[in-house]
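Taking it in order: structure first as structure tokens, then the write-up.
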Amino acid sequence: MFDYDPPKEKEPADWTGLKIVGILAPVFFLVTFLANADMALGACIVLGMIMVAIKIRWNLRRHLWFWSMIVFILVLHVPLVFMVRWPQGKGPTLLYTMPIGIADFLIILGAVGLAERVFKKDSSDDENG
């Protein structure tokens, strides 16, 4: 007569977003102090997108190639943060940072996915041959 579903076991809360903000806040203030707020925003966007990509692909954390790929991506982002001339407080920052962040995130996930296919294929060839 009544559809009674037993109470589902609660999963612990995922505090990843708060942890990322906690890590990025000192980075933002340090880069603002050393350079300017626009460069700090660029650095936080880059680091934040990399951290979100790591969180999504956390199942690959035991592979050396995964961390090598993350370091390689970080190295490629250094010129983006330091050499690209970010707008100096003109216009709405969300308007130009959101597309950059989304594109950066998709590129990072694509690079990790490509590396996963390459390295998984190599490891399966070694097991079969």
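The values are calculated or read from the model by the stated rules, or taken from the named source; none is laboratory data. Everything quoted here is computed from the prediction, not taken from an experiment. Every residue, glycine among them, receives a Cβ derived from its backbone with ideal geometry; neighbour counts consider all protein chains shown.
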**Request:** Determine, yes or no, whether Leu94 is modelled with pLDDT under 80 and in a helix (DSSP H, G or I).
**Result:** yes
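Residue by residue, here is whether (1) out of contact with any Cys (no Cβ under 9 Å at 6 or more places or on another chain); (2) part of a helix (DSSP H, G or I); (3) over 15 Å from Leu106 (Cα atoms); (4) not hydroxyl-bearing (Ser, Thr, Tyr) holds:
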position	(1), (2), (3), (4)
Val31	no, yes, yes, yes
Leu41	yes, yes, yes, yes
Cys44	yes, yes, yes, yes
Met49	yes, yes, no, yes
Lys55	yes, yes, no, yes
Val71	yes, yes, yes, yes
Val75	yes, yes, yes, yes
Pro79	yes, yes, yes, yes
